[in-house]
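The values are calculated or read from the model by the stated rules, or taken from the named source; none is laboratory data. Predicted model, so just to flag it, every value in this text is computed and none were measured. So basically every Cβ, Gly included, is an ideal-geometry build from the backbone, and we count neighbours across all protein chains shown. The area values use the complete protein model at the heavy-atom level, side chains included, leaving out ligands, DNA and RNA. Shrake-Rupley method; radii C 1.70, N 1.55, O 1.52, S 1.80 Å.
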Amino acid sequence: FSNNVMNETVIVTLNTNAFLDGSTTNLATASNGIVAFTNLRIGPAWTNYQMLFTLKNYTNVTTNSASFTNSPAEASKLAVTQQPSATNQAGKVFATQPKVRLQDAYGNSTTNSGVVILATLKSGDLPTLTNSTGGSNTATTTNGEAVFAGLRIDGKVGVRNLNFASTTLTNLSNAVSS
């Protein structure tokens, strides 16, 4: 009959994952029978999302949106995806070199290429972080990941923390340590 339903609650869900905190997912229909969801937020990047709309207190009164993709937001933080070797010998190249990934605020990996990441020793550490190849302590992202090579620590032995920060992406929220 296509009559408008007024003052009934419509519930929206996702076919996979969930809406982020603060999203209003239950709304009453207006007098014209229309519901306008205005603050739905989806965090994880994913393909083939679909929103499912259900009329509360009614059996089998549902409809689905078309499938859509939620892409990552702008890169805003770094994550160490491969830690350097846990034990290293002074002056020797780390057996396992660190890898750092760009992520958006929701932890989704981004695919930015050409972003320079700098590795440094945490402030106050006495030895020096050097690159055995004679190059700098930087790595450039390809598809969002920076892979370091040739890093080593020269000097007094002890537990050390590496910091990673972007030298070209200014909106990063924090440096990460490994």
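Taking segment 133-144 as the range and being at pLDDT 75 or above, open to solvent by 50 Å² or more (accessible area, probe 1.4 Å) and either more than 19 Å from residue 161 (Cβ to Cβ) or not β-branched (Val, Ile, Thr) (or both) as the test, the residues that pass are 136, 140, 142, 143.
Condition first: at pLDDT below 85 and part of a loop (DSSP other than H, G, I, E, B). Now tell me which residues in segment 23-33 satisfy that. Residues satisfying the conditions are 29, 30, 31, 32, 33. Just to verify a result, which residue in segment 75-101, among those that are β-branched (Val, Ile, Thr) and under 18 Å from the mean Cα position of the chain (by Cα), is farthest from residue 165 (Cα to Cα)? Top of the filtered list is 81. Reported count of residues in segment 98-114, each being within 15 Å of residue 80 (Cβ to Cβ) and either of a type in the set (Asp, Glu) or in a loop (DSSP other than H, G, I, E, B) (or both), is 2. Of the residues 100, 115, 147, 80, the single one that is open to solvent by 70 Å² or more (accessible area, probe 1.4 Å) and at pLDDT 90 or above is 147.
Annotation: of all residues in segment 45-72 being within 27 Å of residue 141 (Cα to Cα), at pLDDT 85 or above and open to solvent by 50 Å² or more (accessible area, probe 1.4 Å), the one that is nearest to the chain's Cα centre (by Cα) is 72.
Looking at 81, 69, just one residue is touching a residue at least 60 places away in the same chain (Cβ under 8 Å) and β-branched (Val, Ile, Thr), and that residue is 81.
Report whether or not residue 29 is among the β-branched types (Val, Ile, Thr), open to solvent by 30 Å² or more (accessible area, probe 1.4 Å) and farther than 30 Å from residue 157 by Cβ.
The answer is no for residue 29.
Residue 13 - would you say it is within 19 Å of residue 68 (Cβ to Cβ), loosely packed, with under 12 Cβ neighbours inside 10 Å and within 28 Å of the chain's Cα centre (by Cα)?
In short, no.
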